[in-house]
């Protein structure tokens with residue numbers, strides 16, 4: 001599906017788009033009037049606050065009986081109200097604290113041209129696993145669902161698949177998952193060499209290293225977004241970091257720099273342990289399939305340790321400044337300041353697809369401090385990568401593509 005925008009779109013336009021692009025295989029037993037009313041209620045609820053917090057929730061459209069059939073093989077906990085509640089923006093606001101976005105759904109269905117909340121469905125957070133890097137995930141409900149992500153931000157799903165989202169007054173017809181791109185693989189192509197191979201064992205497949213490394217970054221981003229404080233993560237070549245160390249020369253000034261020792265190289269040690277654990281888990285190549293299917297305690301233990309490293313990165317991001325890693329995922333330091341004397345681009349380009357084959361040019365000065373720092377960093381360090389996590393939850397990847405500063409807004413269902 002291509003990238004599509006409406007200028008200042010609202011729930012009625014989103015409903016039209018969803019009806020036009022609904023996929024085969026999942027029934028959407030709603031007409032335009034019913035869908036528009038549902039999305040309008042969600043939109044109005046997204047603009048409210050509950051005890052100072054933004055209202056966020058997920059809902060599933062279908063009767064209790066339909067949901068029971070759709071989740072017959074799962075361990076979802078379906079709790080029905082004795083008396084259904086009318087689904088209004090205010091009712092959604094009041095109920096939202098009892099239905100945490102990451103673990104529960106509001107069940108809604110239509111009767112007599114009204115939408116009613118019939119109960120709560122506790123799903124647990126395993127549905128997020130593919131997004132934040134987990135190896136296991138639940139089967140999704142084959143029913144229409146709506147995610148209310150923040151003020152004016154709504155995603156409409158057919159089961160686990162995004163149909164369209166309303167983001168900042170525009171309809172987005174796809175999620176943008178930068179991790180699937182070729183260019184980011186090229187950027188980190190030579191990051192891990194033979195030093196990370198297990199001794200006397202079959203060479204691990206490069207795809208395994210790539211996916212495990214992505215898991216680590218996804219989890220860090222996920223945790224920063226959950227914390228709500230935003231952050232900036234910078235990846236740089238060692239040559240640049242050596243220039244910045246000590247005398248403080250170069251584009252980065254590290255307020256808290258870590259000593260070069262085994263602790264700083266923790267991720268490489270964990271990779272080595274993971275490869276050795278996987279080698280004990282059967283014959284043949286040490287590949288991604290073996291990792292995804294491994295159930296042994298030693299593999300699970302290493303995965304947990306990598307998760308804790310992601311948690312560490314998230315915690316460091318809470319301090320003003322950037323968290324800095326090299327491309328071998330060594331923790332160089334945090335609280336880093338990108339020099340304000342670096343050249344700043346007049347324009348940047350928004351990538352309209354994961355490979356940036358289609359782009360939209362815009363002025364570079366219409367963003368906040370973190371974004372400006374990211375633009376300066378990749379302008380001065382063309383081999384670098386900046387990841388900006390805004391307080392509103394938008395994740396922006398920034399890179400230097402053939403001398404042009406390009407960014408991707410990572411729209412996800414978190």
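Miscellaneous remarks
- Cβ-Cβ distances below 7 Å connect the following pairs, each with a first residue in segment 230-242 that is on the phi > 0 side of the Ramachandran plot and assigned by TED's automatic domain parsing to the domain that holds residue 329, a second residue that is modelled with pLDDT under 90 and surrounded by fewer than 20 Cβ atoms within 10 Å (Cβ to Cβ), and a separation of six or more residues or different chains: 230/390; 230/391.
- Test result for residue 57, surrounded by 13 or more Cβ atoms within 10 Å (Cβ to Cβ) and closer than 18 Å to residue 115 by Cα: yes
- Note on segment 140-170: residues that are in contact with a strand residue (DSSP E or B) (Cβ under 7 Å, 6 or more places away or on another chain) and part of a strand (DSSP E or B) total 19.
- The test for being at pLDDT below 80 and either buried (at least 19 other Cβ atoms within 10 Å of the Cβ) or not in a helix (DSSP H, G or I) (or both) holds for residue 247.
- Residues satisfying the stated conditions in segment 75-101, i.e. modelled with pLDDT under 85 and either surrounded by 15 or more Cβ atoms within 10 Å (Cβ to Cβ) or farther than 25 Å from residue 161 by Cα (or both): 76
- Within segment 250-270, at least one residue is free of Cβ contacts under 8 Å to residues at least 24 places away in the same chain, within 25 Å of residue 306 (Cβ to Cβ) and surrounded by 13 or more Cβ atoms within 10 Å (Cβ to Cβ).
- The one condition in (1) surrounded by fewer than 18 Cβ atoms within 10 Å (Cβ to Cβ); (2) at pLDDT below 65 that residue 128 fails to fulfil: (1)
- Residue satisfying all of: in segment 297-340; in contact with a helix residue (DSSP H, G or I) (Cβ under 7 Å, 6 or more places away or on another chain) and without any contact (Cβ under 8 Å) to a residue 40 or more places away in the chain; farthest from residue 236 (Cα to Cα) among these: 298
- Count of residues meeting criterion [free of Cβ contacts under 8 Å to residues at least 24 places away in the same chain and either touching a helix residue (DSSP H, G or I) at 6+ places or on another chain (Cβ under 9 Å) or in a helix (DSSP H, G or I) (or both)] in segment 279-289: 4
- When residue 163 is tested against the conditions (1) outside the structural domain of residue 288 (by TED's automatic domain parsing); (2) at pLDDT below 85; (3) at negative phi, the lone failure is (2).
- Among (1) under 21 Å from residue 390 (Cβ atoms); (2) touching a strand residue (DSSP E or B) at 6+ places or on another chain (Cβ under 6 Å); (3) outside any helix (DSSP H, G or I), the one test that residue 224 misses: (3)
- Index of the failed condition, residue 229 passing every other in (1) assigned to a helix (DSSP H, G or I); (2) surrounded by fewer than 23 Cβ atoms within 10 Å (Cβ to Cβ); (3) under 24 Å from the mean Cα position of the chain (by Cα): (1)
The values are calculated or read from the model by the stated rules, or taken from the named source; none is laboratory data. Small disclaimer: the values here were computed from a predicted structure and weren't measured. Note that each Cβ is placed from the backbone with ideal geometry, even for glycine, and that neighbours are counted across all protein chains shown.
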